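Participant: Structure in structure tokens, see below.
Only the coordinates and a few stated rules stand behind these numbers; no lab work does. Keep in mind that what you see is a predicted model, and the values were worked out from it rather than measured. We place every Cβ from the backbone using ideal geometry, glycine too, and count neighbours over all the protein chains shown.
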Amino acid sequence: MTNETVPDYRKITFLAKLIVITLGIHILIDSCLSITEGISFCIGPAPADPNNWDIPHIVVMISELVLNLIMMVALIVNAVFVCKWMHRIYVNMEKAGMQELIHHSKTVLFSWFIPIVWMYRPYLTLKEMYAANGPPQEGRKNFLAYTVPISFRFWAVSWVLCNILGSVTAQLARYDATMQAAELAACASSLMSIVAAGCFIHVVKTITARHVSTVPESAS
């Protein structure tokens, strides 16, 4: 990619800011969920009959319900922003004439939703986005072997662990005998989610800065 004007340039800085905001909300909600899950583990499972629930169990159940609802909305909104952000960057790179890209703007988003593939392909895509938007002297061949900041790797590991722990939580929560284990798994999943969100904020800021410095948004 060069500093020449790119036709129909797609601006990304505002989208990047929206991603950071929604991820910040995500971190806040996940932190609150970690606290409620820890409290739930300490007070023990709620009685099977809701009529026998005491005040702490009622407060925890309502808090988790509200927090999970807000979290679901934030995740959906964030997913839309991230998809648009990635797509715009790939459109810009393709219009700038980059021929050696492994991924394509029309297919780059599918890797987030395909079983097994979601565990590694998004990381490779982000790695390519980082490498392709570097200064010419860095060289842009062999993107898969390109060295990226450690936040990229931390995000990849915590992202996978968060989703695996979420699946484990869902399985354990099906049985009363493993309900407390489910609470622990949920707490661990929330902590991994916080790490993943924090790392992804750095990833988004880093890639956005490299992309804009390579092709300034004023060149639209």
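Participant: For residue 11 and residue 63, calculate 0.36 nm times their separation in residues minus their Cα-Cα distance, and state this gained length in nm to one decimal.
Facilitator: Length difference between fully extended and current span is 14.9 nm.
Participant: Okay, moving on. How do 77-86, 186-195 rank on mean C-beta neighbours within 10 Å, highest first?
Facilitator: Going by the mean number of other Cβ atoms within 10 Å, highest first, we get 186-195, 77-86.
Participant: Using 7 Å Cα-to-Cβ label points, what is the residue 104/residue 170 separation (nm, one decimal)?
Facilitator: Between residue 104 and residue 170, the label points sit 3.1 nm apart.
Participant: Roughly what angle does helix 13-43 make with the longest principal axis of the chain, taking Cα atoms, 0 to 90 degrees, to the nearest 10?
Facilitator: 20
Participant: Match the structure shown to one of the listed values (i) 20.0; (ii) 17.5; (iii) 19.2 of Kirkwood radius over Cα pairs in Å, computed from it, and give that label.
Facilitator: The value computed from this structure is option (iii).
Participant: Also, quick follow-up: Quick one: if you stick a label point 7 Å off each Cα along the C-beta vector at residue 213 and residue 118, how many nm between them?
Facilitator: Going by the 7 Å Cα→Cβ label model, 3.3 nm.
Participant: Any idea what the dipole of the chain comes to, in debye rounded to 20, about its Cα centre with Lys/Arg Cβ at +1 and Asp/Glu Cβ at -1?
Facilitator: 960
Participant: Going toward the positive end of the dipole of the range 13-219, with +1 on Lys and Arg Cβ and -1 on Asp and Glu Cβ, which of 168, 19, 147 do you reach last?
Facilitator: Result: 147, furthest along the dipole toward the positive end.
Participant: Find the relative contact order for the range 13-219 and round it to a whole percent, using C-alpha pairs within less than 8 Å whose residues are 6+ positions apart.
Facilitator: Relative contact order for the range 13-219 comes out at 30 percent.
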